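Here's the structure we're looking at; comments come further down.
The values are calculated or read from the model by the stated rules, or taken from the named source; none is laboratory data. Owing to the predicted nature of the structure, the values given are computational and were not obtained by experimental measurement. All Cβ positions, even for glycine, are placed from backbone atoms using ideal geometry, and neighbour counts span all protein chains on display.
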Amino acid sequence: MFNLESLIRSNIKNLSPYSSARDEFSGEASVFLDANENALGSPLLKWYNRYPDPMQWELKGKIAFIKQVPKENIFLGNGSDEPIDNLLRCFCEPGIDEIIVMPPTYGMYEVYANVNGVKVNLVPLTDQYQIDLERLENAIQPTTKIIWICSPNNPTGNSIDRQSIEMVLNNFDGLVVVDEAYINFSRQKSFLTDLNEYPNLVVLQTLSKAWGLAGLRIGMAFASKDIISYMSKVKSPYNLSVPVQELAIKALEEVGQVNDMIKEIILLREALVKELKEIEQVIKVNPSDTNFLLVEFIDSKKLYEYLLEKGIVVRDRSNVKYCEGCLRITVGNAKENEVLLNAIKSFQ
């Protein structure tokens, strides 16, 4: 049975987090003399002389409205990397606990585990890029704290079978993190609607992909209030800057335009798939629920180098198990896709 208190590291449970006066203050104020800021401001950017809201309540309010999740169930970080790192620091004892990662998948789960001294147990996906449930069950140990599931998956592009994820949630007593960075490009239903049903569920999303805000670096974690409270204990006091919060709040007003952009990207993806399938060098275009394609080529290494010579940068995934001979290609705009296709067609 899932018991959050038994999972949390004892030093984190007993941690007294840094608390600014603005964490403790509620209401309206016109004079702020608590944080040793420069009251005169910068000569060029006077309005940025104050520290940002440490809990990002206005931004969380916008996200809560769009996602239909209470503000108290949201953690915001510097990209998805911050909540990934944060979860490991909260729940995994270095040198003792372990996580399960199912390659091929997003590489930062393993990187941050290594940074935090947490053992990584690799349980590869099947050759159809789905969870091997029997192998996963056999891999779980008493010290397994977190299972990471990326759906839609990076770099393969496919969605993980929902029933398989539910099976893991129902039968694992640790945390199950479902990384939905690309969910807006998929027909798959988000697990956000299941937060109340699964106390061990953490859902990761981002403003970098469908919202087109990669430069702002805003990652989102959604979970129970208790999990979020522990994550908030560990984060840096002012982890999202004033301009980042302001720009994100402004961007979140444009839900309709973003939905139109998502539809356009999906159409561009479908057109790119059709064109690639007609090229002799292409062996296989894997199905995708994302804004990228995993494509197998006859000679991916030489093609990769050739594209670089042409000033076209894609991602070489040919050395990754079950991705042999593959390049990961982001869906570009119409002109970029045309340049890419012409370059591949001219490759000898």
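A few points about this structure:
- Residue within the range 135-149 that is assigned to a loop (DSSP other than H, G, I, E, B) and buried (at least 24 other Cβ atoms within 10 Å of the Cβ) present: no
- Taking every residue in the range 227-241 that is within 21 Å of Phe2 (Cα to Cα) and pairing it with any residue that is small (Gly, Ala, Ser) and part of a loop (DSSP other than H, G, I, E, B), at least 6 positions away or on another chain, the pairs with Cβ-Cβ distances below 8 Å are Met231/Ala223.
- Of the strands (runs of 3 or more DSSP E) lying entirely inside the range 10-128, those containing at least 2 residues that are surrounded by 13 or more Cβ atoms within 10 Å (Cβ to Cβ) and free of Cβ contacts under 8 Å to residues at least 40 places away in the same chain are 119-122.
- Scanning the range 63-80 for residues that are touching a strand residue (DSSP E or B) at 6+ places or on another chain (Cβ under 9 Å) and either modelled with pLDDT under 95 or basic (Lys, Arg) (or both) returns a single hit, Lys67.
- Meets criteria (closer than 18 Å to Thr105 by Cα, among the basic types (Lys, Arg) and out of contact with any strand residue (DSSP E or B) (no Cβ under 7 Å at 6 or more places or on another chain)) for Lys225: no
- Filtered residues of the range 126-146 (kept if hydrophobic (A, V, I, L, M, F, W, C) and under 23 Å from Ile8 (Cβ atoms)): Ala139, Ile140, Ile146
- Residue count, the range 196-207 (criterion: under 22 Å from Leu136 (Cβ atoms) and touching a helix residue (DSSP H, G or I) at 6+ places or on another chain (Cβ under 8 Å)): 7
- Beta carbons closer than 6 Å, at least 6 apart along the sequence or on distinct chains, pair a first residue in the range 166-179 that is closer than 17 Å to Val101 by Cβ and touching a residue at least 60 places away in the same chain (Cβ under 8 Å) with a second that is surrounded by 23 or more Cβ atoms within 10 Å (Cβ to Cβ) and basic (Lys, Arg) for Gly174/Lys145.
- Search result, residues across the range 161-176 that are buried (at least 16 other Cβ atoms within 10 Å of the Cβ), under 24 Å from Asp127 (Cα atoms) and among the aliphatic types (A, V, I, L, M): Ile165, Val168, Leu169, Val176
- Tabulated pairs, the range 266-294, first in contact (Cβ under 8 Å) with a residue 12 or more places away in the chain and surrounded by fewer than 17 Cβ atoms within 10 Å (Cβ to Cβ), second among the acidic types (Asp, Glu) and not in a loop (DSSP other than H, G, I, E, B), C-beta under 7 angstrom, 6+ apart or interchain: Ile283/Glu296; Lys284/Glu296
- Some residue of the range 298-316 being of a type outside the set (Gly, Ala, Ser), closer than 30 Å to Ile66 by Cβ and touching a residue at least 24 places away in the same chain (Cβ under 8 Å): yes
- Top-ranked residue in the range 228-256 [being of a type in the set (Gly, Ala, Ser) and outside any helix (DSSP H, G or I); ranked as surrounded by the fewest Cβ atoms within 10 Å (Cβ to Cβ)]: Ser236
- Restricting Ala181, Ala214, Ala221, Ala210 to those that are of a type in the set (A, V, I, L, M) and either in contact with a Pro (Cβ under 6 Å, 6 or more places away or on another chain) or not assigned by TED's automatic domain parsing to the domain that holds Gly107 (or both) reduces the list to Ala221.
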